[in-house]
Amino acid sequence: MSYPGYPPSDGYPAFPGYPPTGQESVYPPAGQYSYPAVPGGFPPSGGGTYPAAPPNAGFPGAAGYPAMGGYPASGAFPGAPQAGGIPPYPGGPGFAVPPTGPGFGGYPQPPAQSYAGGGPAQIPGFPGGQVPSPVPGPPAALIQCTQGTIQAAPNFDAGRDAEVLRKAMKGFGTDEQAIINVVANRSNDQRQKIKAAFKTMYGKDLIKDLKSELSGNVEELILALFMPSTYYDAWSLRHAMKGAGTQESVLIEILCTRTNQEIRDIVNCYKSEFGRDIEQDIRSDTSGHFERLLVSMCQGNRDENQTVDYQKAQEDAQRLYQAGEGKLGTDESCFNMVLASRSFPQLKATVEAYSRIANRDLLSSIDREFSGNVERGLKTIVQCALNRPAFFAERLYYSMKGAGTDDSTLIRIVVTRSEIDLVQIKQMFTQMYQKTLATMIASDTSGDYRQLLLAIVGQ
């Protein structure tokens, strides 16, 4: 498969300033996600002490939070704290509370669910010795629903948009506002049609014209918007492993958060566009248990059955406890097997069962048993199982917190989530940090770059 406008072997020419100087391999150090333990387990067995998700946040029903569309990207967190854990989120020791309010421990989660089903088995470790029977997940239509800030434009005319872009770049100067008005209000599929229409109408490559007219962060942002989503992921992975050093954070966030089909498409695109085998590149650039985790991820074989088996969750939780907290040393392969193969709703149930067995949450145990990139990879999987929008909200916050801005991370997450769950991410961002995502973007960026980001995010 070939993507029009993108070279078939060497990849798209490097973006100016990508990755940001000095951040090629930076990732938050060990202990970043040291969420405070909740006495008596994580989450509390009653499920009632976590703040409720915002209205219409899109969290589905009894099976827990499902695996949604494609999940990209990363980068470094400028100003991320050193080993020992991040400071509490704004508002106190927990999430979504004012400084004077009570804090909540643990990772923010969708509202607690009531599980239906009869004939529960008697299982030690569950309240009353009972484990809920498996409960079917939400219908596929609900799982696939989008909560993006960008929707396909009605009455779309690719030729008309191509003409607008041509006029914006023709002659002396560039009408950046006209370009922003088009690209911020079209879906990725519509942008691909505009790109094809531009070449048909004018015999010129739209991407090359845009590169000649734009520069800096706004150029990187617009070119990212015009990349097909699968190509953008493959391109990001290639550049994370290309040249000196490796951007492990990019590998973790793309490979540990995508659906099976998305990963398979990325693997195929990586091969066809860059002429390379992604698994071989991973093996060349990583090592040890981190390498094994990423190789497991790029198989695209995670169970995606939305039905939760609570008996298996209890067994997996016991298995993880015996492989870590319950023994001297750590059986890393056990953690790899469970976290790489179980569905995200199943993993959420396992996390809940684990807290009852170990009297601490699984994130804390991973923090105690692992270090470095494999720790961050395993935590990413667990965090996405608990609350994916909160995970990306946190990534966005740390891309802008402190001195300077990690623009590549900011661009990558905003672009790749814009048609998937950026509405939910915005809601979680406000809940976690008592400020809106748009407010933080406006204070950290400027010019056409700021205007385009805000147009994508929505006010």
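The values are calculated or read from the model by the stated rules, or taken from the named source; none is laboratory data. The structure displayed is predicted, hence computed values, not measured ones. Counting neighbours? That spans all protein chains shown, and the Cβs are built from the backbone with ideal geometry, glycine included. Ligands, DNA and RNA are excluded from the accessible area calculation, which covers all protein heavy atoms including side chains. Shrake-Rupley method; radii C 1.70, N 1.55, O 1.52, S 1.80 Å.
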Next item on the list: Identify all residues within the range 281-293 that are of a type in the set (S, T, N, Q) and either open to solvent by less than 50 Å² (accessible area, probe 1.4 Å) or within 24 Å of P228 (Cα to Cα) (or both); write none if there are none.
Entry: T286
Item checked: Filtered residues of the range 311-333 (kept if open to solvent by 10 Å² or more (accessible area, probe 1.4 Å) and either among the aromatic types (F, W, Y) or in a helix (DSSP H, G or I) (or both)) -> Q311, K312, Q314, E315, Q318, R319, Y321, Q322, E332, S333
Checklist line | Filter result for G243 (touching a residue at least 40 places away in the same chain (Cβ under 8 Å) and out of contact with any Lys or Arg (no Cβ under 6 Å at 6 or more places or on another chain)) | finding: no
Notebook entry, point to check: Do we find a residue being closer than 20 Å to I413 by Cβ, outside the structural domain of A340 (by the TED database) and not hydrophobic (A, V, I, L, M, F, W, C) anywhere in the range 261-280?
Noted result: yes
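Has the range 207-224 got any residue that is closer than 30 Å to L378 by Cβ, open to solvent by less than 60 Å² (accessible area, probe 1.4 Å) and not polar (S, T, N, Q)?
yes
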Check: With the range 336-444 as the region, which helices (runs of 4 or more DSSP H) entirely inside it contain at least 3 residues that are without any contact (Cβ under 8 Å) to a residue 24 or more places away in the chain?
Finding: 437-444
Margin query: Can you tell me which of (1) touching a Ser or Thr at 6+ places or on another chain (Cβ under 6 Å); (2) closer than 21 Å to T257 by Cα is the one E369 doesn't meet?
Written below: (2)
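Of all the residues that make up the range 225-267, how many are hydroxyl-bearing (S, T, Y) and open to solvent by 10 Å² or more (accessible area, probe 1.4 Å)?
Matching residues across the range 225-267 total 4.
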Next item on the list: Looking only at the range 183-206, count how many residues are closer than 20 Å to R450 by Cβ and open to solvent by less than 20 Å² (accessible area, probe 1.4 Å).
Entry: 2
Check: Which of the residues spanning the range 445-459 are touching a residue at least 60 places away in the same chain (Cβ under 8 Å) and either part of a helix (DSSP H, G or I) or open to solvent by 30 Å² or more (accessible area, probe 1.4 Å) (or both)?
Finding: G447, D448, Y449, Q451, L452, L453, A455, I456, V457
Item checked: Unique residue being open to solvent by 50 Å² or more (accessible area, probe 1.4 Å) and not basic (K, R) when the list is Q346, Q299 -> Q299
